[in-house]
1. Check I213, I264 and return the single one that is assigned to a helix (DSSP H, G or I), at pLDDT 95 or above and away from the ligand (no atom under 16 Å from the Cβ).
2. Just to check your reading of the model, which residue among E255, E247 is in a helix (DSSP H, G or I), more than 10 Å from the ligand (Cβ to nearest atom), farther than 30 Å from K158 by Cβ and more than 12 Å from the chain's Cα centre (by Cα)?
3. Which of the following residues is buried (at least 20 other Cβ atoms within 10 Å of the Cβ) and under 15 Å from T208 (Cα atoms): G75, G26?
4. Within region 220-244, take every residue that is part of a loop (DSSP other than H, G, I, E, B) and surrounded by fewer than 19 Cβ atoms within 10 Å (Cβ to Cβ) and give me the one that is farthest from the ligand (Cβ to nearest atom).
5. If you check N134, N115, which single one turns out to be away from the ligand (no atom under 14 Å from the Cβ), within 18 Å of N210 (Cβ to Cβ) and surrounded by fewer than 24 Cβ atoms within 10 Å (Cβ to Cβ)?
6. Looking at F15 and the list (1) touching a strand residue (DSSP E or B) at 6+ places or on another chain (Cβ under 9 Å); (2) within 29 Å of T229 (Cα to Cα), which single condition is not satisfied?
7. How many residues are part of a loop (DSSP other than H, G, I, E, B), closer than 13 Å to Y79 by Cβ and of a type outside the set (V, I, T) when one looks only at region 187-210?
8. Out of (1) within 16 Å of the ligand (Cβ to nearest atom); (2) of a type in the set (V, I, T); (3) assigned to a strand (DSSP E or B), the odd one out for V88 is which?
Amino acid sequence: MEATLNYIKSKLDNFIPETACILGSGLGELADEFSDSIKIGFSEIPGFKRTTIDGHAGNLVFTKLNNKNIVFMQGRYHYYEGHTIKDVVFPIKVLKLLGLKNLIITNAAGGLNQNYTPRTLMIINDHINFTGTNPLIGPNEENMGVRFPDMSEVYNKKLIEKANEIARDLNIHVENGVYIGVTGPSYETPSEIRMFRNFGASAIGMSTVNEAIYANYCGLKVLGISCITNCAAGLSKTKLSHVEVVETANRVKTEFKTLVKNIIQKI
Ligand code: HPA
């Protein structure tokens, strides 16, 4: 960790990021819009693993948006890639130790709610961790948080309210719902989707929940936004594919980028 922090700080010239935004599948190019930025590849940072998935570049991009110090995570680590769950949350720990306050987590997700269509944007108001693991397993890191963290408000209510307000002002339609996190990499069966709908989930994906658990644990304010890229298994006639996920995310990216940029400026 010391090597990791020293390396990143050596590139930053005392820049302290206040808000981080993890950019999900197909949404990474938002970070490319900022020409005045410091881009650090995951592969050059001591302690960071390589990412392996299309649509996830693997960079930390430090920049400013209207005087707000921000960092984009262009790409993330997924458990299904074979990374440990500690690796998945490692960047969040690093950013927290650099002084981070807010974390915006975005993802591509399948829609379980039948009112959602591909391109729906959903603000996450709670999650169900169905990954069968937890990033806090193991000795507690007393400097980061408590052994048994409360989880009654992982997604910050004020940020949710603000995000809804901003979307309304921009005339961007958003839904609010529960995200269920699974490991993947196989998509779900129709029977699993029926079960998850009965659980009360509105969207499903292979990321986010463990990052949110860690962020909540170490005291970050979290906002989550899902881009619904497809109807979940059994809810439409088409077969699921990662190509469809990335294509839909690409089609919604203008709206998505506008929403995220406005949120970052106003939190
Ligand atoms: N299921 C799980 N993860 C996903 C999906 C899905 O349908 N779409 C995008 N990520």
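The values are calculated or read from the model by the stated rules, or taken from the named source; none is laboratory data. These numbers were taken from a predicted model, which means no experiment stands behind them. Backbone-built Cβ (ideal geometry, glycine too); neighbour counts: all protein chains shown.
1. One residue alone meets the criteria, I213.
2. E247
3. When all the criteria are applied, what remains is G75.
4. Step by step, filter region 220-244, then rank; the result is K237.
5. Unique residue meeting the criteria: N134.
6. The single condition F15 does not satisfy is (2).
7. Looking only at that region, the number is 2.
8. Evaluating V88 over (1) within 16 Å of the ligand (Cβ to nearest atom); (2) of a type in the set (V, I, T); (3) assigned to a strand (DSSP E or B) leaves (3) as the failure.
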